[in-house]
Amino acid sequence: MRALRLALIAAALVVGLANASPTAPRDGADFMTLATPQPTQTVGKKVEVIEFFAYHCSACNAFEPTLKNWTKQQGDRITLRRVPLPFQGPTDPEARLFLTLEAMGKLEAYHGRVFNAVHVERKRLMKDADIIAWAGENGLDKTAFMETWNSFGVQTRLKRLSQVAEAYKVAGTPTVIIDGTYVVSPSQVQQANRIQDAGEVMTATGQVMDALVVKAAAVK
């Protein structure tokens, strides 16, 4: 009996994957729905989109151009927030760098530069000293950077990141949350649709996100 039940479960999973489509995504295949949806920071009809990422994550670096283009195409329909996943715990240097740049108002100018430093220039930005040195070498005012790096606001947000990730059930990167409810990632879309080509994975992920934005907007 137990073997029969397992066989039926496996068969149902295969059927679910076979029916998955990025333009008509299925819950449990192309995306997941949070059992406890999280509150959003948007007002009106705008849909909140959150990307959990890490600078050292090669998949995040590969996803970045897709996310930027997708965000432009969505226009005023969404607001995008990025949240660093603290792989090294409550003092994670990479996450601290992101929060510092954000607090300084330098994120737009430096977000891509950090990815480039890590994945093109092969800089190791996993320790405080290395990040502080890199910031000084790349045009950031050292005094202002250190004041923000050590500020109460940055430290407080840094310590809360693990709780935020847990609330959204995020364990890997990149992971995208649509309106506090739907969870999607390139790896999940790839598995659901059995896509091998990296470019096709990114296109399909964008299609799933398109559909989920429409789904979320319909109930606002």
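The values are calculated or read from the model by the stated rules, or taken from the named source; none is laboratory data. Being a predicted model, the structure only gives us computed values, none of them experimental. We place every Cβ from the backbone using ideal geometry, glycine too, and count neighbours over all the protein chains shown.
Taking the conditions exactly as written (more than 19 Å from residue 174 (Cα to Cα) and of a type outside the set (A, V, I, L, M, F, W, C)), does residue 82 satisfy them or not? Don't jump to the end; show me each part of the working.
On the way: more than 19 Å from residue 174 (Cα to Cα): no; of a type outside the set (A, V, I, L, M, F, W, C): yes.
Judged against the criteria, residue 82 is not a match.
All of 118, 83, 114 fail the test of being over 17 Å from the mean Cα position of the chain (by Cα) and surrounded by 13 or more Cβ atoms within 10 Å (Cβ to Cβ), apart from 118. The combined condition, being polar (S, T, N, Q) and free of Cβ contacts under 8 Å to residues at least 40 places away in the same chain, is not fulfilled by residue 91. Residue-level check: of (1) more than 21 Å from residue 184 (Cβ to Cβ); (2) free of Cβ contacts under 8 Å to residues at least 60 places away in the same chain, residue 61 misses just (1). Is there a residue in segment 139-148 that is farther than 18 Å from residue 161 by Cβ, in a helix (DSSP H, G or I) and among the charged types (D, E, K, R)? Yes - at least one qualifying residue is present in segment 139-148.
Only one of the listed residues (158, 125) is part of a helix (DSSP H, G or I), within 17 Å of residue 86 (Cα to Cα) and of a type in the set (A, V, I, L, M). That residue is 158.
Residue-level check: of (1) under 17 Å from residue 215 (Cα atoms); (2) touching a helix residue (DSSP H, G or I) at 6+ places or on another chain (Cβ under 8 Å), residue 71 misses just (2).
Just one of (1) modelled with pLDDT of 90 or more; (2) small (Gly, Ala, Ser); (3) more than 28 Å from residue 85 (Cα to Cα) fails for residue 35. It is (3). Checked against the criterion of being surrounded by 15 or more Cβ atoms within 10 Å (Cβ to Cβ), in contact with a strand residue (DSSP E or B) (Cβ under 9 Å, 6 or more places away or on another chain) and modelled with pLDDT of 95 or more, segment 124-146 contains not a single residue that satisfies it. State which residue is surrounded by the fewest Cβ atoms within 10 Å (Cβ to Cβ) when the search covers only segment 169-190 and only residues that are touching a residue at least 60 places away in the same chain (Cβ under 8 Å) and in a helix (DSSP H, G or I). Across segment 169-190, the extreme among qualifying residues is 187.
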